[in-house]
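Beneath this line is the structure, given in structure tokens, with notes to follow.
Rule-based calculations on the coordinates, nothing more; no lab input. Predicted model only: the values in this text are computed from it and were never measured. Here the Cβ is made from the backbone with ideal geometry for all residues, glycine too, and neighbour counts use every protein chain on show.
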Amino acid sequence: MLVVIPAQAQSCPFNLVITQTNGSKGCFTNLPIANAVDPSNRDTLSKIIGKAQRYYLAYSKSTNCKAVAVTSNWITLTGFDDIAKKQVLSACQAQGCECEVAIDNGQVLSRLVETPEGSVSQRVAEEDKNRASEESRRGQAQAAAQQQTLAAERLKAEADERARLAALAIDRERQATLAEQARQAAARVEQQRAEAQRLAAERAQAEERAQLLAQSRQSAQDAEQARLELARTRQQLAEAQAAQTAAQVVQADKPRVAAVNTARRKALVIGNDSYGLVAKLETARADARSVGKTLTGLGFEVSLHLDLNERAMKAALRAFKAKTQGGDEVVFFFAGHGVEFGGSNYLLPTDIHSEGEDQIKDESIQLQRVLDDMREKSAGFVLAVVDACRDNPFSNIGRAFGSRGLAATTASSGQMIVYSAGAGEKAMDRLGDTDRDPNGVFTRVFLKEMVKPGVPVDRVLRNVRSEVVKLARSVGREQTPALYDQAVGDFYFKP
């Protein structure tokens, strides 16, 4: 039997309120494990959880093996749940026990961590019984409020659906207008072709009359008249052919001009393979070339750079910032090494040194600088694609700076950021020894998805994430691209 520990009776802080397996409320400080110390943080669990916005607690399944671990955060991060569960289980199991997630942000999942019967006074149990009716009343009020919330959400969903249908109707009308314009252009081309055929027939007749006049040796006046008539016919034919060519150009260009976004599109693409003092890479330059070529085909003005040292990399960023204007649609793509220090991400030039953390920060490019530059220039839309989630580049020379992967980040309004792999994961260049694709796994999928017409960028990136996860799992690996989205409105690589 489980003892109910009312949070209100215990004057329990909000963050320490728990719901036990029987549905009753309690306080984390009354659990047997409340004063246990988390090995990684060197502090009691109740103190760590009391400061957290969201947390997970793992506990050993067997009473013969005591191990505990907790993970928490102070701000809401995209994808925190899955990452946090993996991290807390790994930290608990690293202590030599078989563990399970016992508490999910205040929801107790395992009886192993609950307070046993008799540890709370009978007075508290009696007070809890007396409050049952009051709790029931509050529960009914909460249920009514939830019903109202659900009704409001349904109304909002219906409004959103009506808006979506209206947008589809507008799009269909626009497509119908473009189709009608194309049909009219085709009709004009056909009319010009028929006119050209008529003029060609008249020219043939004129030439035949001229030959007959020459053969019959008629007067010079008649011959001159025939020559003039032939010249006029040829001039008319040339004018008709020119008109036909112009109509064909209008027909070919009209749908394309109507579909392409009139905003200026600019891209900065960097691929670094040939590192001097850290591990070299194999596919970063090929990835950059492929992305640059594809973006050029999609109407971007592309600045492509390969194997940049510190000075060249910073110069390329300054030059790109200088030519970026307000309202531009900007794509920044980087393939190479990256590291994380203190929650900030740094992109490494090819001549990076490894004498210390401060030197690495000074000689590398902070990703946030690129994003801040674009915000300062009032770019209309910014997409930062970073394929730098690889092993610690300094490990092969006995250094312990940074770690695998990049830190989670927060995009500014109008910006989207995508990493080729999630926190703690390694981005794969190959699916195996027989894989001959010149591009890394993330980039090859990104290249395929970005050229699909009519797909907004957020759907493109989610499609990329699903396909990369599928490919990685096909070879027994885990790679989940991380997406941070604060874009406003829709952006299409290919409308």
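Here are some notes:
- Residue-span extension gain [Gln148 to Asp82] - 0.36 nm each, minus C-alpha spacing: 20.7 nm
- Reported to the nearest whole Å, the Cα centre-to-centre distance from the stretch 27-91 to the stretch 421-495 is 32.
- Proximal charge balance of Arg264 [Cβ under 9 Å; K/R count +1, D/E count -1]: -1
- Efficiency of FRET from Cβ geometry, Arg462 and Ala159, R₀ 35 Å, rounded to 0.05: 0.90
- With K and R counted +1 and D and E -1, the other residues having a Cβ less than 14 Å from that of Ile49 yield a net charge of 0.
- Of Lys266/Lys452; Lys314/Lys377; Lys86/Lys470; Lys266/Lys426, pairs whose Cα-Cα distance is over 21 Å: Lys266/Lys426
- Sorted by Cβ neighbour density within 10 Å, fewest at the top, the residues Val113, Val455: Val455, Val113
- For Val331, residues with placed amide H under 5 Å, excluding near neighbours: Lys266, Ala267, Leu268, Leu383
- HN-Hα J in Hz across the stretch 66-72 - Karplus 6.51, -1.76, 1.60, θ = phi - 60°, x for Gly and Pro: 9, 8, 8, 8, 9, 10, 8
- Ranked list, fewest to most other Cβ atoms within 10 Å of each Cβ, for Glu195, Glu301: Glu301, Glu195
- Distance (nanometres) between label positions extended 7 Å along Cα→Cβ at Ile170 and Arg473: 3.8
- Put simply, the amide H of Ser24, placed in the peptide plane, has no neighbours under 5 Å, leaving out anything fewer than 5 places away on its chain.
- The length gained on full extension between Lys314 and Thr19, counted as 0.36 nm times the residue separation minus their Cα-Cα distance, comes to 100.9 nm.
- Taking θ as phi - 60° and the Karplus parameters 6.51, -1.76 and 1.60, the scalar couplings of the stretch 301-316 work out to 8, 9, 9, 9, 9, 10, 6, 8, 7, 4, 5, 5, 5, 5, 5, 4 Hz in sequence order, x denoting glycine and proline.
- Other residues within the sphere of radius under 12 Å centred on the Cβ of Gly414, judged by their own Cβ, net out at -1 (K and R +1, D and E -1).
- Residues in the stretch 174-189 carry Karplus couplings, in order, of 5, 5, 5, 4, 4, 5, 5, 4, 5, 5, 5, 5, 4, 5, 5, 4 Hz; the curve used is 6.51 cos²θ - 1.76 cosθ + 1.60 with θ = phi - 60°, and Gly or Pro positions show x.
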